[in-house]
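Here is the structure we will look at.
Computed from the coordinates by the stated procedures, all read-outs in this text should not be read as laboratory data. As the structure is a prediction and not an experimental result, all values here were calculated from the model. Note: ideal-geometry Cβ built from the backbone for every residue, glycine included; neighbour counts use all protein chains shown.
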């Protein structure tokens, strides 16, 4: 689960506050973390990205994900096709699937 096993000290010592909480006061690379602890009491903060439930299907469907990635690569290369103006459909009501 640990991607890299090299760690370095960012603070030599910090103390908990009256509620037993730690404040690291460091700039982080992520806004959410998985918290792991081992038998020695060492704590590891593992950065995570939460994916909304409505978008999970894409990450669980390799064929669809590959198609999206291929489309992004094509768009980055300028390999796009103008399909025209779809404004005539702007007023059509869209009924969500159950």
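Ranking of 45, 24 by neighbouring Cβ atoms within 10 Å, starting from the fewest: 24, 45.
Contact order for the chain, expressed relative to its length and based on alpha carbon pairs under 8 Å spaced 6+ residues apart, stands at 12 percent.
Round to a whole angstrom and tell me the spacing of the C-alpha centers of segment 23-56 and segment 59-98. If you average the Cα positions of each part, the centres end up 32 Å apart. In terms of surrounding Cβ atoms within a 10 Å radius of their Cβ, 32, 39 rank from fewest to most as 39, 32. For Rg/Rh (Cα atoms, Kirkwood Rh), computed directly from the structure shown, the correct entry in (i) 1.18; (ii) 0.92; (iii) 0.99 is (i). Counting neighbouring beta carbons within 10 Å and listing from fewest to most, the residues 89, 33 come out as 89, 33. The slack in the chain from residue 77 to residue 27, taken as 0.36 nm per residue of separation less the alpha-carbon distance, amounts to 14.5 nm. On C-alpha positions alone, give me the angle between the axis of helix 62-76 and the longest principal axis of the chain, in degrees, nearest 10. Result, in degrees: 80.
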